1. Could you list 126, 140 in order of exposure, starting from the residue whose Cβ has the fewest other Cβ atoms within 10 Å?
2. For residue 28 and residue 167, calculate 0.36 nm times their separation in residues minus their Cα-Cα distance, and state this gained length in nm to one decimal.
3. Is segment 128-186 best put as rounded, prolate or oblate by its Cα gyration tensor, with a ≥ b ≥ c the root eigenvalues, rounded for a/c under 1.5, and otherwise prolate when a/b is larger than b/c, oblate when not?
């Protein structure tokens with residue numbers, strides 16, 4: 001509650017308002033600084049989770065927008081990347097709820113980051129077959145192998161228990177092994 005005499009604002013209220021504005025400006029700067037190192041990784045995760053769909057750009061933008069809007073809910077003691085990937089996970093779920101169940105998967109783009117053509121071919125084959133995984137398996141697969149997240153971090157991102165994540169990851173591996181014709185004994 002601020003006191004007012006003759007319509008003039010109390011100096012403390014003005015200082016408090018200036019501090020809030022400064023806090024907001026600092027949080028905006030901090031947000032962009034924290035986003036920069038994980039932006040590429042986040043974008044790739046979304047693209048792979050959506051089978052390289054053209055909708056990935058929209059989901060990425062929605063993720064960044066929502067993260068920016070809710071930056072005040074971020075706990076400074078937690079991992080910013082995991083918090084951001086959690087928002088992306090929710091945006092991906094929203095995206096899948098919007099599309100018809102009969103939508104066909106999109107064509108996988110060629111990967112240009114691999115060093116050799118043989119490696120590029122093998123990585124491309126794994127990604128091509130990963131398109132056939134169900135959305136949950138694909139997401140966990142890419143978070144673990146491509147994103148490098150631990151089971152605990154994936155649990156924080158997806159809200160799934162670690163045991164469920166291990167089960168889903170094992171299903172994805174077995175499905176890929178079967179599709180690629182690799183023995184399950186390895």
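1. Listed from fewest to most nearby Cβ atoms, that is 126, 140.
2. On the way: separation 139, 0.36 × 139 = 50.04 nm, distance 3.89 nm.
Here the segment from residue 28 to residue 167 would lengthen by 46.2 nm.
3. Prolate, because a/c is 1.5 or more and a/b exceeds b/c.
Each value in this text was obtained by applying a stated rule to the coordinates, not by laboratory testing. Quick caveat, the model's predicted, so the values are computed rather than measured. Note that we place each Cβ from the backbone using ideal geometry, even for glycine, and neighbour counts take in every protein chain shown.
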